[in-house]
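These notes concern the structure reproduced below.
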Amino acid sequence: MEIEIRNFTVRRGEFVLQPVSLTIRKGEIFALLGRTGSGKTVLLEAIAGMFPGDKGEVLYDGVNVMEIPPCKRKMGIVYQNDGLFPHMKVEDNISYGLRMHGYSKQERKQTAEELMDMLSISHIRNQYPGTLSGGEKQRTALARALALRPELLLLDEPFSALDPATKEVLYKNIMEIHRLFGCTIIFVTHDFKEAELLSSEVGILLEGELLEVTEGKQLLKGSYSRKIEEFLGGRK
Amino acid sequence: MTALAVLLFIGSAVFVIAADGLPGFWEHMKSEELQFALRMSLTTATLSSVIVMLLALPTAYALTRTRMPFKGIFSLLIELVLSVPYLLLGLSLLVMFSSPVGKWLKECGFPVVFSPAGIVMAHLLVNLPYAVRLLKTAFETSDRRQEFIAQTLGASPFRSFLTILLPSCRSSIISTLILSWSRGMGEFGATLMLVGVTRMKTETLPGSIYLSISTGNNEAAMSTAMLMLLISGLAMLLVQTAEKSERRKTREVRESQWK
């Protein structure tokens, strides 16, 4: 799915997202990079169509996202925390979307099995989210988002609360998911090394303003404005 | 020191009821009139609290999750009704149901004034704004992102309400139901204005206390009060159990985050 953001701006409380224009090509892994509080999650949620903008629009393959009902957006979203349904076991969380789409119990079970195997979480299928570690929660949320084979996967700081070893595993998971599902992936991060490692393109968002879009591999090599240089200060 | 004084003050009220109500309690419990009042209170409070929940849940949802017009006025109205004495609410109901509409309802076989249906109506007016406010607060504090995620996964707004919002606010909903019921059991002012208190006809537990005191039978009044105290205590216990179960869940979540 191709995402086009046209001159999109929104105010959320005190925060103002300055007009953003951006195209994310189909099948791309795009990183939204910036400091905490720079508006990355606001932009991600705007791309998800959680709220309309004050101006501008977000298009999914040329159609305004606000005109597509959430259930037909073919989009999956994974939050850093609290995204799992706390009253449902891991397996029920994963198969929730399939249940809502009327899949049979057998089909739901089979798809959930496949995803749990792929993400190595079969052993926690009967546990509630409240008893899971950060990495297990993230992988469960990923499995749930993937169950309906979305064309767009949105990840809000998916690696930020994880230890280095778990991060490595999840990096591999994300690359594997991208290879198998071929979906467009947009993820939010404040870690520029992570952005360089995983993404084909990176958008640098600081203080509510999208200042630069660059190739992932070139992120740490390019020369930028003073503001971005300050942010990337520790890159060498 | 102040806390101790407050505790003593509140505790003394409960102590007086227990001390005066217990001696003749079991004897008084056998009285046909008290049993009638208990049945009347239980029936009307149960019926009204079920209706209150059926009306308050969609109202709180509309106020927190939709773009319905006049939300501000609605919220203001709820606060206003909550601050009005119940006697006045009963009076307004009396005026409403004494109008031609009320008379027409009576002709259709639904008498409200001076009938048990009026008790339910009084409970509704007193408890509905209270329940809407409690549920509105619960819905406002519930994470909307989970409902959005549910909708991206194919749930309609109604199904995300049923499968995500209601379970996540379960303890608040149970508490609101129990509190509505318990307030219904103790409601007197609005009921008195609309229905009055007629022995063995529209007599509720608070009405029974009122009649007993009116006739100088303080012992019977205190025994009925003791019964109401026990019922309230039971309701409080149920609310606390619901809250404790929710807290246990939260603690599990926190502990797992520290692992």
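Computed quantities for the displayed model
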{"item": "A:Gln80 long-range amide H proximity, modeled H, under 5 Å", "result": "A:Asp156"}
{"item": "Gyration tensor (Cα) of segment B:2-249, equivalent ellipsoid semi-axes in angstrom", "result": "35, 25, 16"}
{"item": "Segments A:131-138, A:7-14 sorted - mean Cβ within 10 Å per residue, highest first", "result": "A:131-138, A:7-14"}
{"item": "Count of Lys pairs (Cα-Cα under 19 Å; at least 8 positions apart or interchain) in segment A:109-236", "result": "12"}
{"item": "Near-label residues of segment A:145-166 by backbone N, under 17 Å of a point 7 Å along Cα→Cβ of B:Arg159", "result": "A:145-150"}
{"item": "Under 24 Å, Cα to Cα: Lys pairs in segment B:2-249, sequence gap 8 or more or different chains", "result": "6"}
{"item": "Cut-off 16 Å, label 7 Å out along Cα→Cβ of B:Glu107, residues of segment B:188-223 by amide N", "result": "none"}
{"item": "Antiparallel bridge percentage (DSSP; both residues within chain A; nearest 5)", "result": "55 percent"}
{"item": "Distant-in-sequence amide H partners of A:Leu206 (H built 1.01 Å from N, under 5 Å)", "result": "A:Leu211"}
{"item": "Whole-Hz ³J(HN,Hα) from phi, Karplus 6.51 cos²θ - 1.76 cosθ + 1.60, for segment B:41-49, glycine and proline x", "result": "5, 4, 5, 5, 5, 5, 4, 5, 5"}
{"item": "Square roots of 5 times each gyration tensor eigenvalue, C-alpha, segment A:84-236, largest first, Å", "result": "34, 16, 13"}
{"item": "A:Thr23 paired with A:Ser104, simple spin-label distance in nm, labels 7 Å along Cα-to-beta-carbon", "result": "4.5 nm"}
{"item": "Amide H contacts of A:Ser120 (H built 1.01 Å from N, under 5 Å, at least 5 apart or other chain)", "result": "none"}
{"item": "Debye-sum result for the protein assembly as shown in log10 I(q)/I(0), which assumes one identical scatterer on each alpha carbon, at q = 0.09, 0.12, 0.13 Å⁻¹", "result": "-0.78, -1.05, -1.16"}
{"item": "Relative contact order (%) - criterion: Cα under 8 Å, at least six apart; region: chain A", "result": "28 percent"}
{"item": "Qualifying chymotrypsin sites (Phe, Trp or Tyr not before Pro) for segment B:25-87 [loop in DSSP, other Cβ within 10 Å: at most 16]", "result": "B:Phe70"}
{"item": "Cα-based shape type of segment B:1-128, given that a ≥ b ≥ c are square roots of the gyration tensor eigenvalues and the cut on a/c is 1.5", "result": "oblate"}
{"item": "Distance (nanometres) between label positions extended 7 Å along Cα→Cβ at B:Thr141 and A:Gln218", "result": "5.1 nm"}
{"item": "Stretchable slack from B:Glu27 to B:Leu80, in nm (0.36 nm times residue separation minus alpha-carbon distance)", "result": "14.8 nm"}
{"item": "Sequence-separation-based contact order of segment B:2-249, relative, with Cα cut under 8 Å and 6+ spacing, percent", "result": "33 percent"}
{"item": "Most mobile listed residue (A:Ser21, A:Ser38, A:Ser225) in chain A, GNM with C-alpha springs under 10 Å", "result": "A:Ser225"}
{"item": "Dimensionless Rg over Rh [segment A:37-101; C-alpha; Kirkwood]", "result": "1.02"}
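Each reported figure results from applying straightforward, stated rules to the coordinates on display, with no laboratory input. Remember, predicted model here, so these are calculated numbers, not experimental data. Heads up, the Cβs are rebuilt from the backbone with ideal geometry, glycines too, and the neighbour counts pull from every protein chain shown.
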